[in-house]
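Here's the structure we're looking at; comments come further down.
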Amino acid sequence: MSSVRLSDLRHTTSFRLALLFLALFGAASLTLFGFLYWQTAGYLKNGTDEWLVRELASLVAASPSQLIEHLNEHAARDPEGDRPFALFDAAGHGVAGKVANLPTPSPSNRPFEFRLNRRGGAVTFRGLAHRLPSGDVVLVSQNVHEMHEFRELLVGAMAWGGLLVLIMGLAGAAVIGAGSVRRIDEVARAIERIVNGNLAERLPTRGTAGDLDRLVDVVNGMLDDIERLMHEVKGVSDGIAHDLRTPLTRLLAGLERAGRRAASVEEFAAAVDEAIVETKAVLSTFGAMLRISEVEDGARRTGFTTLDLAAIAADVRDFYEPLAEGKGVSLSLNDGSRGSAKMTGDPSLLFEAIGNLVDNAIKFTPSGSRVTLRIFRANENLGVIVTDTGPGIPAAEREAVLRRFYRAERSRHTPGSGLGLSLVAAVARLHGLDVVIDDAKPGCRVTLRQEGASTWPTLALAVTQDTRPAALGR
Amino acid sequence: MLHVGDLEIDLLSREVRRAGRLVELLPREYHLLEYLMRQPNQVVTRTMLFEEVWGYHYDERTNVIDVHIGKLRRKLDEGGLPTLIHTVRSSGYVLRAAE
């Protein structure tokens, strides 16, 4: 698997990107080089042409006798014949200078190029000719072989350089592309393993902050969430299986017993009543589950109104007071909102949630102790605290109790579906409230507070401020 | 004034009398009784009571309403009088005059 297939390589983004950059870079270099070539060649040619014009002008200005003299002097100074001057008669035959015959094309007062044999080879010259009034033609010229060679060298260097860049670019693109193919293959294999059921598997990262790594991090985060949700769903199914099997088993046992032993109508009626109670418990568990999903759905938010949290807390206190009284638990309400407990929400859901907390607190607090319901306002954020002096919830279980069907070991014997606190959590989430469970030393303290509400010190301050009147009052 | 058997309540002064004796009720207990008095001899479910008397709408599943009814019943039946509020098994309550 480590060898990279060519067809894969061609289709990778990095390979294509590398090729695109190569093409762009090539086009840019070509343009730059063309411009350089054009400027350099033009400069060299212009230098030569200016020299030709100057020399020709001085020759033309001279008298015929001076002209021959000049030409001879010049020829003496230029033994190599790199800058040949010459005079031709009207028929084009050389009269003086180092050029035997007037080269074609015939003079036209414009620089032109021609070839002469020098040291056994044809060499390019650039010349300028002028026809004198006598019909004779004067020619000045210069060997431009080097200039041509220079230009050829430039073009050659460009061609080789371009080829080198092309090879390196292709190789680089192949290396980068192969790297990304290998990377994608790793990720794809990891995904295959996840699809095949290994949910604990994560996509491999390289630890660099590259774009693929960022993507992999996001996907891994998503996988964490999915894994958590899967575990939750599994927990819920286990909970359903466990919590519904017990009453159904009891129901079945009761009915079988009645079928075998009941002799009178009264006995049958009693068995039917028992069955009804068990069935109702099962239905009520289902009802609670449906209700939690309904609340979690978020559709309830359309029914939100402005409500007074302190008034709802007072109703909860009124509703549960007889229950607390019957158990010998003192239930007190302390409103620390200073008259501004308005928030948006669903009154019935909040009543149910706070009621659940109070119900739990009363249920788990031994007789003779107290449960306190407290409304507080920290900065701009409202909250409710339910404190009891019962056994409390161990730190390790505090998060778990908010999950569906979770029941602390010692609460197994008390009636209830184990769904109360998950309903509270669902209602809190719907209202943008945080649920915090902590130790009231002794006992348990559950806080619902508006999210982003204060830091704990200010909240703790609000709580301690609230505690004094609660202890003194009522 | 509403009458059921020897029980009567005055809707204006909110006074409750059983067999001529004044019964002291808390506001919530009075509401509960008034609601029952308005539909005598009819079965009233816990959910109906909860929605009418407390004004919140959800399926209350705890036995707290039974506790409230129990308190009210004790106050009305004080002195060994026959009970007026009868529990209808697995559905609710009915207010009926003692025979």
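Bear in mind that the values in this text are calculations on the coordinates, not laboratory data. Note that the structure is a prediction, hence the values are computed from the model and not measured. Positions of Cβ are backbone-derived with ideal geometry, glycine not excepted, and every protein chain shown enters the neighbour counts.
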- Query: Tilt of helix A:456-472 relative to the longest C-alpha principal axis of chain A, in degrees (0 to 90, nearest 10)?
  - Reply: 20 degrees
- Run the dipole for the protein assembly as shown about the Cα centre, Lys and Arg Cβ at +1, Asp and Glu Cβ at -1, nothing else charged, and hand back the magnitude in debye, nearest 20. 640 debye
- Checking rank on A:362-375, A:308-321, with mean other Cβ inside 10 Å and highest first, the result is A:308-321, A:362-375
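At 0.36 nm per residue, minus the direct Cα-Cα distance, what do A:Asp185 and A:Val218 gain on full extension? Give it in nm, one decimal, please. Don't jump to the answer; show the numbers that get you there.
Working: separation 33, 0.36 × 33 = 11.88 nm, distance 1.82 nm.
Length difference between fully extended and current span is 10.1 nm.
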- Item | Segment A:Trp51-A:Ile240, length gained on full extension (0.36 nm per residue, minus Cα span) | 57.6 nm
- Query: So for the pair A:Val155, A:Ser134, with labels modelled 7 Å out along Cα→Cβ, what separation do we get in nm?
  - Reply: 4.2 nm
- Query: Per residue, how much space in cubic angstrom lies within the convex hull of the C-alpha atoms of chain A?
  - Reply: 327 Å³
- Item | the range A:1-201: translational diffusion in µm²/s, Stokes-Einstein, Kirkwood Rh over Cα pairs, 25 °C, 0.890 mPa s | 111 µm²/s
- Taking amide H positions as placed in the peptide plane 1.01 Å from N, state which residues far from A:Val329 in sequence (5 or more) or on other chains have amide H under 5 Å from it. A:Gly368
- At the level of C-alpha centres, the distance separating the range A:206-262 and the range B:39-99, in angstrom, is 39 Å
- Note on the structure: All alpha-carbon distances of the range B:24-95, grouped into 10 Å bins from 0, give the whole-percent distribution 19, 59, 21, 1
- Task: List every residue whose amide H lies under 5 Å from the amide H of B:His57, counting only residues 5 or more places away in sequence or on a different chain, with H placed 1.01 Å from N in the peptide plane.
- Result: A:Ser348
- Note on the structure: Counting sequence-distant residues (5 or more places) and residues on other chains, those with an amide H built under 5 Å from that of A:Gly390 are A:Cys444
- Message: Using a 7 Å offset from the Cα along the Cα-to-Cβ direction at both A:Thr13 and A:Arg115, what is the distance between the two label points in nm, to one decimal?
- Response: 5.7 nm
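What translational diffusion coefficient, to the nearest whole µm²/s, does the range A:224-297 have by Stokes-Einstein, given a Kirkwood radius computed over alpha-carbon pairs, a temperature of 10 °C and 1.306 mPa s viscosity? All intermediate terms of the calculation are to be shown ahead of the outcome.
Working: Rh = 14.4 Å.
Answer from the Stokes-Einstein relation: 110 µm²/s.
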- Note on the structure: In this structure, the FRET efficiency calculated for A:Glu266 and A:Asp297 from their beta-carbon separation, with R0 = 45 Å, to the nearest 0.05, is 0.45
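For a protection proxy built on the mean count of beta-carbon atoms within 10 angstrom, sort B:86-93, A:388-395 highest first, please. Don't jump to the answer; show the numbers that get you there.
Numbers: B:86-93: 13.6, A:388-395: 18.4.
Descending packing order for the listed peptides: A:388-395, B:86-93.
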- Task: Choose one answer from B:Val67, B:Val53, B:Val43: the residue with the largest mean-square fluctuation in a GNM of chain B with alpha-carbon springs under 10 Å.
- Result: B:Val67
- Task: State to the nearest 20 debye the size of the charge dipole of the range A:1-201 about its Cα centre, where the only charges are +1 on K and R beta carbons and -1 on D and E beta carbons.
- Result: 620 debye
- Message: Tell me which of A:Thr246, A:Ala262, A:Ile194 sits at the most positive position along the dipole axis of the range A:189-266, charges placed on C-beta atoms (Lys, Arg +1; Asp, Glu -1).
- Response: A:Ala262
- Task: Could you tell me how many degrees, from 0 to 90 and to the nearest 10, lie between the Cα long axis of helix A:13-61 and the main elongation axis, the longest principal axis, of the Cα atoms of chain A?
- Result: 20 degrees
- Query: Tilt of helix B:27-38 relative to the longest C-alpha principal axis of chain B, in degrees (0 to 90, nearest 10)?
  - Reply: 90 degrees
- Query: Of B:Met1, B:His57, B:His68, which is farthest along the charge dipole of chain B in the positive direction, counting Lys and Arg as +1 and Asp and Glu as -1 at C-beta?
  - Reply: B:His68
- Item | Separation of the B:Tyr35 and A:Asp82 label points, Cα + 7 Å toward Cβ, nm | 12.0 nm
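Once you have the Cα-Cα distance between A:Asp211 and A:Ala253, take 0.36 nm times their residue separation minus that, and quote the gain in nm to one decimal.
Details: separation 42, 0.36 × 42 = 15.12 nm, distance 6.24 nm.
That works out to 8.9 nm of additional length.
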- Query: Which aspartates and glutamates, on any chain, are close to A:Lys45 with Cα under 12 Å apart, when same-chain ones fewer than 8 places away are left out?
  - Reply: A:Glu113, A:Glu146
- Straight-distance crosslink candidates among lysines, where the alpha carbon sits under 30 Å from A:Lys363 and sequence neighbours closer than 8 are dropped: A:Lys234, A:Lys280, A:Lys327, A:Lys342, A:Lys441, B:Lys71, B:Lys75
- Message: Could you give each residue of the range A:250-266 its phi-based ³J(HN,Hα) in whole Hz, using Karplus coefficients 6.51, -1.76, 1.60 with θ = phi - 60°, and x for Gly or Pro?
- Response: 4, 4, 4, 4, x, 5, 4, 4, 4, x, 7, 10, 4, 10, 10, 4, 4
